[in-house]
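K.L.:
The structure is given below, and queries will be raised subsequently.
The values are calculated or read from the model by the stated rules, or taken from the named source; none is laboratory data. Note that the coordinates shown come from a computational prediction; the quantities given were computed from them, not determined experimentally. Positions of Cβ are backbone-derived with ideal geometry, glycine not excepted, and every protein chain shown enters the neighbour counts.
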Amino acid sequence: MSLRVGIYGFGAIGRLIARAALERGYEVVGAVDINPEIVGKDVGELIGKEKLGVVVTRDVESLVEADIVLHATGSYLDKVYDQLVKVIELGVDVISTCETLSYPYYRYPVLARHLDAKARAHGVTVLGTGINPGFLLDTLVTVLTAPFHVVKKVRALRSLDASKRRLPFQKKVGIGLDPEGFKRKLASGELTGHVGYAESVLLIADAASIQPTRVEEGQEPVVAQEDVKIGERVIEKGKVLGAKGYGAAYAGDKEFIRIEFIAYAGAEEYELIEIEGKDYSVTWRSSGTPGDMGTVSVLLNLAETVLETGPGLITMVDLIPFRPKIVP
């Protein structure tokens with residue numbers, strides 16, 4: 001199937017989407033961004049290819065010819081809600097990397113309800129997903145429960161070397177800050193760290209039709225125990241190397257879902273999923289998944305499926321054919 005793809009947000013992820021979409025034989029028919037340095041420039045030139053005759057614009061209506069819009073601009077639904085509504089009003093399906101859209105009912109129940117109503121009214125599908133949240137620590141966990149009659153507890157962990165990631169990601173996890181500065185900026189919202197702990201936990205719980213009695217999440221800095229060199233930069237002992245955090249769901253006072261995310265300079269790269277069943281347990285481990293290309297791949301691999309899905313705001317749970325039986 002040859003798709004006409006529109007891209008909303010033409011930063012690093014948006015450009016990766018464009019390159020990968022073209023490699024699949026899809027057509028990029030529009031690109032929206034507000035960066036004055038790229039507005040008016042040809043999409044092909046910006047991704048190191050021949051001109052496509054499609055330029056980056058601020059005008060969302062340039063996406064009207066798309067079969068689907070792949071949206072990558074922000075992490076928080078309240079900040080990107082109006083962007084999504086504009087695409088919905090064009091009558092075009094949209095998949096977004098917005099982390100809190102992956103399970104919007106937790107932080108933004110009112111916006112989620114309005115977004116669902118808007119999508120249904122215009123006959124389009126809206127999905128928030130990515131590599132994490134969206135796949136590694138939630139969808140994949142759910143899929144791996146398929147061979148279990150009864151699951152008692154799940155734990156999923158992702159660890160990555162933040163020094164290998166883009167500079168914006170390194171800033172996001174606070175590399176180079178003082179520990180107290182990290183905590184202060186995290187509390188004020190100036191620093192986000194990882195976004196989506198609770199969303200991943202709740203996707204798993206939703207798949208199992210369980211309403212947790214409470215959900216917890218938190219993160220803290222990882223502090224250098226000695227000087228660490230990142231390229232030409234040296235992170236001094238006592239400075240922040242990155243962040244680690246968790247999300248957990250409880251039934252009463254019993255934890256039954258736990259996810260952890262570790263991202264600091266020099267960290268080992270892997271994913272680990274442990275599923276404790278009533279009769280047996282299984283541990284799955286990977287050698288690590290590239291985040292940016294992983295996110296882009298998830299979006300593109302879901303594009304055709306989303307086009308065939310009924311209208312409304314959906315989550316990855318709606319696309320998973322498995323429903324685990326979790327009895328904490």
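K.L.:
Give the residues of the stretch 242-257 that are surrounded by fewer than 24 Cβ atoms within 10 Å (Cβ to Cβ) and touching a helix residue (DSSP H, G or I) at 6+ places or on another chain (Cβ under 8 Å), sorted by residue number. Break it down into steps so the answer makes sense when it comes.
P.N.:
Taking the stretch 242-257 first, the residues surrounded by fewer than 24 Cβ atoms within 10 Å (Cβ to Cβ) are 244-246, 248, 250-255.
Result: Gly245, Tyr246, Ala248.
K.L.:
Residues of the stretch 76-128 being within 19 Å of Ala205 (Cβ to Cβ), over 16 Å from the mean Cα position of the chain (by Cα) and in contact (Cβ under 8 Å) with a residue 60 or more places away in the chain, which ones?
P.N.:
The answer is Ala112, and nothing else.
K.L.:
Right, something else. Select from the stretch 305-328 the residues that are of a type in the set (Val, Ile, Thr) and outside any strand (DSSP E or B) and list them in ascending order.
P.N.:
Correct list: Thr305, Val306, Thr309, Thr315, Val317, Ile320, Val327.
K.L.:
Which of the residues spanning the stretch 35-58 are under 25 Å from the mean Cα position of the chain (by Cα) and either under 30 Å from Tyr105 (Cα atoms) or buried (at least 16 other Cβ atoms within 10 Å of the Cβ) (or both)?
P.N.:
Ile38, Val43, Leu46, Ile47, Val56, Thr57, Arg58
K.L.:
Yes or no: the stretch 177-184 includes at least one residue that is free of Cβ contacts under 8 Å to residues at least 40 places away in the same chain, farther than 20 Å from Trp284 by Cβ and in contact with a Pro (Cβ under 8 Å, 6 or more places away or on another chain).
P.N.:
The answer is yes; a qualifying residue exists.
K.L.:
What helices (runs of 4 or more DSSP H), lying completely within the stretch 155-215, carry at least 3 residues that are more than 20 Å from Gly128 (Cβ to Cβ) and out of contact with any helix residue (DSSP H, G or I) (no Cβ under 8 Å at 6 or more places or on another chain)?
P.N.:
So the answer is 179-188.
K.L.:
Let me ask something else about it. Being farther than 23 Å from Tyr26 by Cα and under 15 Å from the mean Cα position of the chain (by Cα): is that true of Thr315 here?
P.N.:
Yes; evaluated as a whole, the condition is true for this residue.
K.L.:
Hey, can you tell me all the residues within the stretch 185-197 that are in contact with an Asp or Glu (Cβ under 8 Å, 6 or more places away or on another chain) and either surrounded by 23 or more Cβ atoms within 10 Å (Cβ to Cβ) or farther than 30 Å from Lys325 by Cβ (or both)?
P.N.:
Taking the stretch 185-197 as the starting set, the residues that turn out to be in contact with an Asp or Glu (Cβ under 8 Å, 6 or more places away or on another chain) are 195-197.
Passing the criteria: Gly196, Tyr197.
K.L.:
Something else about it: All but one of (1) outside the structural domain of Val195 (by TED's automatic domain parsing); (2) crowded, with 19+ Cβ neighbours inside 10 Å hold for Ile210; which doesn't?
P.N.:
Going through (1) outside the structural domain of Val195 (by TED's automatic domain parsing); (2) crowded, with 19+ Cβ neighbours inside 10 Å one by one, Ile210 breaks only (1).
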